[in-house]
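The values are calculated or read from the model by the stated rules, or taken from the named source; none is laboratory data. On a predicted model such as this, the values are computed, not experimentally measured, just so you know. Using ideal geometry, Cβ is built from the backbone for each residue, glycine included, and neighbour counts are taken over all protein chains shown.
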């Protein structure tokens, strides 16, 4: 399910006619060599394509028009090899509708003191051109990225690749569609939000459906399809029957499979890439979706509970950028406040994302204690260790705010035989007390999207692209 369009990035070089045709030929040769080197050495997630050497306002405008038109182009990387008068960049830059990265680099790594002359000075003017070009981008109030360093520098490679991932996320964000089954959980504040503003700022489409719309599709699922999936999960997970009667256990697991198949068909039919559920809206359903949600998460669908469509859309977005590795919906549950070993136990009622699983998931059927429905099946496992971040989207009435808190995830060492849900543990940065306090002060929600697969710069770059206020706790 986690499929995205093939993307590429265009490399555009700025100069001017005053240098003459021979110099411009050398400029273009340098640019092509840089692009070839980056594609070979930088391990970018996406290819970089040399597009043009531009020396007039007309050329720049035509390139930017084509960038906007070509869906496969996710963004533009510009390099000022020489001095490119920036007034001629105004018309083209003003119409650009995709992310822009200004690469402040130079073909030569070192100043050749033994041979340097004015010809060299006039040709290698990136330091000169960068300031002129940077000024006009600042004047135009662009939300562009600036990367500084030689084109063979690994740190520059990493910065550019992170930005590429963000830019693809920016493009794919326009395709995110959230199906809400039921409304927000009654009386909960943080899950509310302005859907029209989210469509304008982030490109998200959010549609409501009554739970009966889903139940109607679920009721069309055949016993043959359910049995086929049941046979598959026996190979993927450990079926932990516990104290349940075997027939009862199998029936409850198959009910989750029925929900899963119905959900998938509904989402595919409507082109939805994310969804929400709500344990207060379950009319016509025997169980709250648990394992059904988790298995769809594993395929790349975004999700959040209690009608939290903002987090569901954000989950899908981060899954795209992380290639669905160790990324998913999460909720703060319980503190451990033992001195020098403070941490937060992260979980949810049922729907912890199996991309976090360190241990082989078990299929467990136990009472839920909320929602007043039958005992649901869910996948239970322990989460991975690693460096990561928690991300939360808030609607403050006047604007949206993105919260980001980096953390250290720890695989649980102690058994929890009576806890029938998956669990993830993390220690917030810079320390437990500061991290928790700053999160609460800024209004950070209890629902987050957590990831162990991305650098924080990826999220920060995306936030800049959509002009989103961001609070980073690091």
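Miscellaneous remarks
- The residue that is surrounded by the fewest Cβ atoms within 10 Å (Cβ to Cβ), among those in the stretch 389-431 that are out of contact with any strand residue (DSSP E or B) (no Cβ under 7 Å at 6 or more places or on another chain) and closer than 13 Å to residue 345 by Cα, is 414.
- Residues of the stretch 89-133 that are without any contact (Cβ under 8 Å) to a residue 40 or more places away in the chain, assigned to a helix (DSSP H, G or I) and surrounded by 17 or more Cβ atoms within 10 Å (Cβ to Cβ): 92 alone.
- Checking each residue of the stretch 330-346 against the condition of being under 20 Å from the mean Cα position of the chain (by Cα) and either free of Cβ contacts under 8 Å to residues at least 60 places away in the same chain or buried (at least 24 other Cβ atoms within 10 Å of the Cβ) (or both) gives at least one match.
- Checked against the criterion of being surrounded by fewer than 21 Cβ atoms within 10 Å (Cβ to Cβ), at negative phi, in the same structural domain as residue 331 (by TED's automatic domain parsing) and at pLDDT 95 or above, the candidates 315, 247 yield just one match: 247.
- Which numbered condition residue 297 misses (of (1) closer than 22 Å to residue 410 by Cβ; (2) under 21 Å from the mean Cα position of the chain (by Cα); (3) assigned to a strand (DSSP E or B)): (3)
- Checking 24, 96, 101, 2 one by one, the residue that is under 21 Å from residue 321 (Cβ atoms) and assigned by TED's automatic domain parsing to the domain that holds residue 162 is 101 and no other.
- Residues satisfying the stated conditions in the stretch 21-49, i.e. closer than 21 Å to residue 120 by Cβ and free of Cβ contacts under 8 Å to residues at least 60 places away in the same chain: 21, 22, 24, 25, 28, 29, 31, 32
- Yes/no for residue 444 being outside any strand (DSSP E or B) and either under 25 Å from residue 278 (Cα atoms) or at pLDDT below 95 (or both): yes
- Residues located in the stretch 339-378, provided they are closer than 19 Å to residue 241 by Cα and either outside the structural domain of residue 424 (by TED's automatic domain parsing) or outside any loop (DSSP other than H, G, I, E, B) (or both): 362, 363, 364, 365, 377, 378
- Index of the failed condition, residue 439 passing every other in (1) more than 20 Å from residue 308 (Cβ to Cβ); (2) at pLDDT 95 or above; (3) not in a strand (DSSP E or B): (1)
- Residue 459 being at pLDDT 95 or above, touching a strand residue (DSSP E or B) at 6+ places or on another chain (Cβ under 9 Å), in the same structural domain as residue 295 (by TED's automatic domain parsing) and in a helix (DSSP H, G or I): yes
- Test: residue in the stretch 53-64 that is more than 18 Å from residue 145 (Cα to Cα) and under 26 Å from the mean Cα position of the chain (by Cα): no
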